[in-house]
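Below is one structure, written out as structure tokens; the observations come after it.
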Amino acid sequence: MHGVKRLFAWMIPRFDPARFKVSLISLRSPDTSGDRLEDHGIDVTYLSRSKFDPLTLPALLTELDRRDADILHLHGYGATTFGRLAAARRGWPALLHEHANLTDTPWFQKIADRALAPYTDLAIAVSRSTAEFVTRARKVPASITRVVYLGAPLEEFSQTRTSEEVMAARSSLRLPARAPVVGTVTRLMPAKGNQYLVEAARTVLDDIPDVHFCIVGEGELLGDLERQARRLGIAERVRFAGYTRDVAGALAAFDVVTFPSLWEGTPLTAFEALAAGRPIVAADADGLVDILHDGRDAVLVPKRDADALARAVTALLRDEDRRSRLAAGARATGAAYDIGVFVWKMEQLYELLHARAKRAPGHRGAATDLGFLSETGHSPRRAS
């Protein structure tokens, strides 16, 4: 379970059931993966429509009418296109939620985004660079675009692990009990820059021969990365662990956590590593630099620079006191990014938009008082 799907699993069950009924509609076919949102108790409807299916809009309107919808919170190109069309038809408030920071969009998406900008009440971006993408490429006015950071479930990731629990986590990943371990939890895709981590591993092993590396995750580049490790003669020291449900346990197994990304929105795994209080070495990619602070809670190195990554990892492995300081800093930073706070913000936003829609049907544009969207810390309503 990755990305926005993982966010839904955290977010949707945390809404106050006495005040909100939050459900999910997917434009595509049913999920056939081993870890489905339905298994987390989330109400999901699949419309099973293809990318350019003209019947998507009537099918979506029928489903939304059946649910007696009040607000549409939209994720992804298809959802923001057909969702805003539906919002225009029915006069519902529409939130465009962008998680990427790509350089451009397809020509047909540009046409759709220009046409649908008037039917966008607010655009939420997960980082500053994502907000730039929203205003520049997705044609949403800056006046209705806000950066709202996500987070992780603090109660899950901030728990202190006993030595026995750490050993058990290492055992489940088939890692040695005592040797130093450098790891990442990631998608094996070009944006994540994992080829630079594998390249850096060769250099680190030349200086610290007993270190092990662990890459947790799935993706299209698995074969390429495995071949790279074999070519560098380090296949026995780079463990490709595949998918795990226990991300918190995996992070606890690592002495140093790395994020060698080339570009990011803001990855959920970074919030998880902060909450878990892990020493972090990260590339200075957009999105990561929004939430990580060099020398306080992480060591930041230039992206696409395997040598710099190797030097930073080696230095941390040799300096236990510095690892401890960074771990404490990470835990302090992570405390400000509780997923419960994000849910509280969405609750306030939904209520505000709903009240305005009742008062002035069809009125669009950002509300006047959205300062609560920039708040950090624990939810004023309840601990999550």
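Dimensions of the chain based on its C-alpha atoms, expressed as ranges along the principal axes with the largest first, amount to 66, 42, 36 Å. Here the average projected area of the convex hull drawn through the C-alpha atoms of segment 154-334 stands at 8.8 nm². In this structure the amide hydrogen of Leu95, modeled in the peptide plane, comes within under 5 Å of the amide hydrogens of Leu72, His73, Leu74, none closer than 5 places in sequence on its chain. Which residue, chosen from Val256, Cys214, Ala177, occupies the Cα position most advanced towards the positive end of the dipole of segment 154-334, where the dipole is computed from +1 (Lys, Arg) and -1 (Asp, Glu) charges on Cβ about the Cα centre? In segment 154-334, that residue is Ala177. Of the cross-linked pairs Lys192/Lys358; Lys5/Lys110; Lys51/Lys303, those separated by over 32 Å at the C-alpha level are Lys192/Lys358; Lys51/Lys303. Please give the residues of segment 21-36, grouped as numeric ranges, whose backbone N is less than 17 Å from a label point set 7 Å along the Cα-to-Cβ vector of Leu55. The answer is 26-30, whose backbone nitrogens lie closer than 17 Å to the label point. Return the tail of the calculated pair distribution for segment 110-192, meaning the percent of Cα-Cα pairs more than 20 Å apart. It works out to 60 percent of all Cα pairs. Between the alpha-carbon centres of segment 6-84 and segment 284-313 there is a gap of 36 Å. Net charge of the neighbourhood of Leu205, taken over other residues with C-beta under 11 Å away and scored Lys/Arg +1, Asp/Glu -1, is -2.
For Ala310, neighbours were defined as the other residues whose beta-carbon sits under 12 Å from its Cβ, and their charges (Lys and Arg +1, Asp and Glu -1) total -3. Only one residue of Phe342, Ala125, Leu300 has its Cα farthest out toward the positive end of the dipole of the chain, where Lys and Arg carry +1 and Asp and Glu -1 on Cβ, and that residue is Ala125. Helices in the chain, meaning DSSP H runs of at least 4 residues, each add -39500 (n - 2.57). Divided by all residues, the mean residue ellipticity at 222 nm is -12500 deg cm²/dmol. Here the chain is assigned +1 on the Cβ of each Lys and Arg and -1 on the Cβ of each Asp and Glu. Its dipole about the Cα centre then comes out at about 900 debye.
Put a plus charge on the Cβ of each Lys and Arg, a minus charge on the Cβ of each Asp and Glu, and nothing anywhere else: the dipole of segment 154-334 about its Cα centre is then about 340 debye. Close amide H partners of Leu262, meaning residues 5 or more places away or on another chain with modelled amide H under 5 Å apart, are Lys192, Gly193.
May I ask for the net charge around Pro267, where only other residues with Cβ less than 12 Å from the Cβ of Pro267 are counted and Lys, Arg are +1 while Asp, Glu are -1?
-1
Between the alpha-carbon centres of segment 175-214 and segment 130-154 there is a gap of 32 Å.
If you fit an axis through the alpha-carbon atoms of helix 77-90 and take the longest principal axis of the Cα set of the chain, what angle between them do you get, 0 to 90°, nearest 10? Between the helix axis and the principal axis of the chain, the angle is about 20 degrees.
Every number here is computed from the coordinates shown, using simple stated rules; none is lab data. If you're wondering where the values come from, they're calculated on a predicted model, not measured in any experiment. Please note: Cβ atoms are built from the backbone with ideal geometry, for glycine as well, and neighbour counts cover all protein chains shown.
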